[in-house]
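Here's the structure we're looking at; comments come further down.
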Amino acid sequence: MPGPPTPPTRYRLASPPPLRSGGAIGIITLLGDVSGTLASLRTRDVAPGRASLREIPGIDSVVIARLCPDHAMIFPHAGPAVMARLLKALVALGVTRDDAPAPRESFPEAASELEARMLVALARAQSPLAIDLLLDQPRRWSGIPLDDRDPARVLSDDDSRRLRRLIDPPLVVALGGPNIGKSSLVNALAGRSVAVVADMPGTTRDHVGVTLDLAGVVVRYVDTAGVTPAAVPADELDRLAQQAARRIASEADLLLLCADATSAFPPLDDPHQETLRIGLRADLGPPHQGADVLVSVSHASGLRDLTQSIGDRVVPPAIRGDPRAWVFW
């Protein structure tokens, strides 16, 4: 009686494309019939639990690490030509690309499904604050079925969603009038020049994005073009820039409403959107409408408070410190 059918062999490009990463070594994960695939590539097999240098004729000298019978990692030189030849050879053998293998396939060394899911999340996590939380999840989930949502033992879906922002950075968007210091603010937060700064309105005609680590919480921060009342845009380019600013602001997980002593906070299109009101150029005075945080980039004041406030708003400390299990997948 024949056994169960052999699942199709798949590959995953585990390293970034070489031109993007600049790395010298590529990583290709092979899942399924590893021995058969290596034989078809005219390459000597590698025993499970071993790593060996092998020659793939016509392609490259590679290191092959065989984690288990159906899981291997191939390490070729990362030059575009080498990677293209190897991937083309795999596809010609019927090996299909799989960018989302099951957690146990990605981490066959994991002791459980939960631990495998934790390792997948840990590999993706962007925020340093995620590391200890994720490493503690196997202990917290001990004895709890993965589909259990008992509020006494497992965080709510909403709180889990907020904590997942430590894995996939949330979008934080700065919105405010022109020439009030938003570009100076993002440069100060980034510690380098990522936005053009000039003492004239309309300098930032498009939005500027940067990834920032704010007190251990990594965010995707976008500085938008200055917005003005609908009747005021100076030209068509300005109108389109303001439309783009409003559009990306509507997608923000946290909207930073910005004003200074001479301007008002921009109106909200969605009154339910989570916001933080920032008073910029505070050395010239606070906004007339009040602010949650006052910042003066020129005097280097308020930046630490702002950094902490943004991190606390997107991932509240009370949720980070909750001892219950977390649905992190």
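Just so it is clear, none of the values below were taken in a lab; they were calculated from the coordinates. The structure displayed is predicted, hence computed values, not measured ones. For neighbour counting, all protein chains shown are included, and Cβ atoms are generated from backbone atoms with ideal geometry for every residue, glycine included.
Between beta-carbons, use under 14 Å as the cut-off and find the net charge around A92, counting Lys and Arg +1, Asp and Glu -1. Let's see the in-between values first.
Working: positive: R42, R85, K88, R97; negative: none.
Counting the neighbours of A92, the net charge comes to +4.
Sort 213-223, 287-297 by the packing proxy (mean of other Cβ within 10 Å over each peptide's residues), most packed first. Numbers along the way, then the final one.
Working: 213-223: 20.9, 287-297: 18.5.
Put in order of decreasing packing, that is 213-223, 287-297.
What is the sum of charges, Lys and Arg at +1 and Asp and Glu at -1, for the other residues whose Cβ falls under 12 Å from the Cβ of L119? Could you put the intermediate results ahead of the total?
Values: positive: R104, R117, R124; negative: E105, E109, E113, E115.
Local net charge: -1.
Name the residues whose placed amide hydrogens come within less than 5 Å of the amide hydrogen of A14, ignoring near sequence neighbours (fewer than 5 apart) on the same chain.
I27, I28, T29
Give me the net charge of A282's neighbourhood, meaning all other residues with Cβ under 13 Å from the Cβ of A282; Lys, Arg count +1, Asp, Glu -1.
Values: positive: R277, R281; negative: D260, D283, D292, D305.
Around A282, the charge tally is -2.
Spelling out what I want: for every residue of region 90-96, take phi, set θ = phi - 60°, compute 6.51 cos²θ - 1.76 cosθ + 1.60 (Karplus), and round to whole Hz; glycine and proline get x.
With coefficients 6.51, -1.76 and 1.60, one gets 5, 4, 4, 7, x, 6, 9 Hz.
Please compute the modelled spin-label separation between D312 and S52, points set 7 Å along Cα→Cβ, answer in nm with one decimal.
5.9 nm
Considering the chain, what Rg and Dmax in Å follow from its alpha-carbon atoms?
25.5, 84
What FRET efficiency would be calculated for the residue pair R85, L146, taking the C-beta separation as r and a Förster radius of 56 Å, to the nearest 0.05? Intermediate results must be reported in sequence, preceding the final value.
Values: r = 41 Å, r/R0 = 0.74.
So, using R0 = 56 Å, E works out to roughly 0.85.
In whole Hz, with x marking every Gly and Pro, tabulate ³J(HN,Hα) for region 259-266 from phi via Karplus 6.51 cos²θ - 1.76 cosθ + 1.60, θ = phi - 60°.
7, 9, 5, 9, 9, 9, 5, x
In deg cm²/dmol, rounded to 500, what helix-only [θ] at 222 nm does the chain give when every DSSP H run of at least 4 residues adds -39500 (n - 2.57) and the total is split over its residues?
On the way: 12 runs with 98 residues, N = 329.
The helix contribution divided over the chain gives -8000 deg cm²/dmol.
Is the shape of region 26-93 rounded, prolate or oblate, going by the alpha carbon gyration tensor and its root eigenvalues a ≥ b ≥ c, with a/c under 1.5 for rounded and a/b larger than b/c for prolate? Walk me through the numbers before you get to the answer.
Values: a/c = 1.65, a/b = 1.42, b/c = 1.16.
Prolate shape, in that a/c is at least 1.5 and a/b is the bigger ratio.
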